[in-house]
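Asks: This is the structure, below, for whatever I ask next.
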Amino acid sequence: MSVVVLFGFGIGLGVFLIGRGLIPAPAPIAASLRRLERIGESVHSRRASIDATSRVPAIRRRLAELLVGRLGRRVESDLVVMECAPERFAIEKLSTALALGAVVVVLALVLGAAGAPMPSGFTVILVMCALAGGFVTPDLTLRSHAATRRTAFRHALSSYLDLVNVLLAGGAGIETSLEAAAQAGDGWAFIELRHALLRARAVRQSPWESFAELGERIGVDELAEIAASVKLAGEQGARIKMSLSAKAAAMRARQLASVEAAAQAATERMGIPTVLMFIGFIVLLGYPAMQQIVRTL
């Protein structure tokens, strides 16, 4: 009876997912507004998207297209940080899930051929768990890599603010300081800052608005704070040098605190094997004594 219930649950879940895939996902308001602004896509990202989808079968590409709109805002932000096409990531999720599910099926077939078959209900549960684990694993990996890259972006952003402060102290204007400081680095963070300034010039937009959009797109809140400060200086003539210097110092202090916290956490993790060995040693010594006590009782 339990096997019938499990198969019925699997069939119902499959029908629900197929129906969910056939119904198009509603487009978020923010995405619709960005599309109406007609901010173009770079040639590099467009080619990467085409290359990611041109080398896969039509069925997987169709499934990936259905999955792209349902990845979630956080995953899409992580994909922007990692410069990965959503179609490619969706295909990776599907491929990982199918691969793990196939491994469980092959294992069940091998055990059945060896004369020790697994129960059918247990096999179905293992297959479903493997599919779910394979579907979620790329999200965890992407989140970890994106967090590391955001940390590197914040380090570069503090250096960028220091360069802007130096140029402002030399008598340069705000926009000139922003553009000249962005030309000083070659890393991913400086490239994104240059692209944001270039996009601002192309669409006749203020640099601080472009910085705010960049911070929202890649999930770095410090860019929105800097954009607010630069906007205040550009529109109301407020003094910006001390504000940017304070923000750069605060970012460096926060980064130093996070590095120290990570080092302390690593130190604590290094003590875990010693504690486990001590517990095992105590159990090894205490087991004969406990066995003798139990026998006397």
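The values are calculated or read from the model by the stated rules, or taken from the named source; none is laboratory data. Every value quoted in this text rests on a predicted model; they were computed, and no experiment measured them. Neighbour counts are summed over all protein chains in view; Cβ atoms, including those assigned to glycine, are modelled from backbone coordinates with ideal geometry. Please note that ligands, DNA and RNA were not included when accessible areas were found on the heavy atoms of the full protein model with its side chains. Shrake-Rupley method; radii C 1.70, N 1.55, O 1.52, S 1.80 Å.
Asks: Within region 248-291, count every residue that is touching a residue at least 60 places away in the same chain (Cβ under 8 Å) and exposed (fewer than 10 other Cβ atoms within 10 Å of the Cβ).
Replies: Matching residues across region 248-291 total 0.
Asks: Continuing with the same structure: Which of (1) modelled with pLDDT of 65 or more; (2) surrounded by 12 or more Cβ atoms within 10 Å (Cβ to Cβ); (3) farther than 30 Å from HIS195 by Cβ is the odd one out, the single condition GLU83 does not satisfy?
Replies: Among (1) modelled with pLDDT of 65 or more; (2) surrounded by 12 or more Cβ atoms within 10 Å (Cβ to Cβ); (3) farther than 30 Å from HIS195 by Cβ, the lone unmet condition for GLU83 is (3).
Asks: Which of the residues belonging to region 140-199 are open to solvent by less than 40 Å² (accessible area, probe 1.4 Å), in contact with a Ser or Thr (Cβ under 6 Å, 6 or more places away or on another chain) and not aliphatic (A, V, I, L, M)?
Replies: Correct list: ASN165 only.
Asks: From the list PHE211, PHE190, PHE153, which one is in a helix (DSSP H, G or I), in contact with an Asp or Glu (Cβ under 8 Å, 6 or more places away or on another chain) and aromatic (Phe, Trp, Tyr)? Steps first, please.
Replies: Working: PHE211 fails: in contact with an Asp or Glu (Cβ under 8 Å, 6 or more places away or on another chain); PHE190 fails: in contact with an Asp or Glu (Cβ under 8 Å, 6 or more places away or on another chain).
The conditions single out PHE153.
Asks: Oh, and also: May I ask you to verify whether GLY133 is assigned to a helix (DSSP H, G or I) and either open to solvent by 20 Å² or more (accessible area, probe 1.4 Å) or not hydroxyl-bearing (Ser, Thr, Tyr) (or both)?
Replies: On the way: assigned to a helix (DSSP H, G or I): yes; either open to solvent by 20 Å² or more (accessible area, probe 1.4 Å) or not hydroxyl-bearing (Ser, Thr, Tyr) (or both): yes.
Taking the combined requirement at face value, the residue satisfies it.
Asks: Continuing with this model, one more query. When both residues are 6+ apart or on different chains and their Cβ atoms are under 6 Å apart, which pairs have a first residue that lies in region 151-178 and is among the β-branched types (Val, Ile, Thr), and a second that is at pLDDT 85 or above and buried (at least 19 other Cβ atoms within 10 Å of the Cβ)?
Replies: VAL164/ALA181
Asks: Of all residues in region 193-208, count the ones that are free of Cβ contacts under 8 Å to residues at least 60 places away in the same chain and not in a helix (DSSP H, G or I).
Replies: Number of matching residues: 3.
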